[in-house]
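Okay, structure first, notes after.
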Amino acid sequence: MTEKEALSFGQYLKAVRLEKGIHLKTVSGETRIGMDILQGIEQEDHDRLPAEVYVKGFIRAYARVVGTDAEEAVRRYLASRHAHSTGIGIESDSFGARSNSRFRSLTLAALLIVFAALLIVGWVFFYSGNPDHDTAGGLPVAARAVQSSPVSEFSTGSGGTTITGSDRGSLEEKYLLDVMTVDNTMLKVIIDDKNPQEFSLKSGDRLELEASSRYELTIDNPSGVNLFLNGKAYPIPGKGDQTVTLSIP
């Protein structure tokens, strides 16, 4: 195969034209084909050229002006166009495959994010709704009742002061003790065998406590105190001015 036989349509026509010393403007003048189209043919720029039916006519006219086989030029054009079209198809298929792969990756990532979010929401819901897992301060609810400050956390209300010994959330299997005073008194409290606390209460004060198992109370003025366990009055034996020690319940 000669070098010319190996050329594609545009290169083939240009090689014949240059070999015969014919200027491209001469081809344009004789064929009345615009210079941009002729340049597109020689550069084999398929995207720049018009529809196939027109290009074949242009190539035949070009070939006649330069004195070469028009059908051979057309045959080479069709082969080149087929190769170009096939290449575009392969590229499109490759792009589609990449797009599908990317879509699947994004979908999987989105599902993982949603799953992680559901796990976090479930974890927060479980721990916020379960009193045994209330970890504020690193302690369960009953322990926080013991750790609460007895005097400095008074909240003033009508008729006196209320001291809240714990979070009054879920009350299942808890002993809630309300201490209401009608006279000044000192109160020592041990909750669930934890460290004792002392409260200096004034008339009209109210102390709310929570325990899991028991209270140990020492009251120096029993007549000035009323006790309510889980909403029911709890009797204080030996009321009077004598110090009383109680184990509740």
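Observations on the model:
- Residue satisfying condition, being farther than 17 Å from Thr243 by Cα, within 50 Å of the chain's Cα centre (by Cα) and exposed (fewer than 14 other Cβ atoms within 10 Å of the Cβ), within set Asp205, Asp193, Asp178: Asp193
- Scanning the range 219-234 for residues that are closer than 24 Å to Glu173 by Cα and surrounded by fewer than 20 Cβ atoms within 10 Å (Cβ to Cβ) gives Asn226, Phe228, Leu229, Asn230, Gly231, Lys232, Ala233, Tyr234.
- Taking (1) crowded, with 17+ Cβ neighbours inside 10 Å; (2) more than 17 Å from Val182 (Cα to Cα) in turn, Arg214 satisfies each apart from (1).
- If you go through the range 49-66 and keep only what is aliphatic (A, V, I, L, M) and touching a helix residue (DSSP H, G or I) at 6+ places or on another chain (Cβ under 6 Å), you end up with Leu49, Ile59, Ala61, Ala63, Val65, Val66.
Each row is one residue, and each column tells you yes or no for (1) assigned by TED's automatic domain parsing to the domain that holds Arg17; (2) surrounded by 13 or more Cβ atoms within 10 Å (Cβ to Cβ); (3) farther than 18 Å from Val16 by Cβ.
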{"site": "Glu30", "(1), (2), (3)": "yes, yes, no"}
{"site": "Arg48", "(1), (2), (3)": "yes, no, yes"}
{"site": "Ala51", "(1), (2), (3)": "yes, no, yes"}
{"site": "Lys56", "(1), (2), (3)": "yes, yes, no"}
{"site": "Ala61", "(1), (2), (3)": "yes, yes, no"}
{"site": "Arg64", "(1), (2), (3)": "yes, yes, no"}
{"site": "Glu71", "(1), (2), (3)": "yes, no, no"}
{"site": "Ser80", "(1), (2), (3)": "yes, yes, no"}
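The values are calculated or read from the model by the stated rules, or taken from the named source; none is laboratory data. Computed from a predicted structure; not experimentally measured. Using ideal geometry, Cβ is built from the backbone for each residue, glycine included, and neighbour counts are taken over all protein chains shown.
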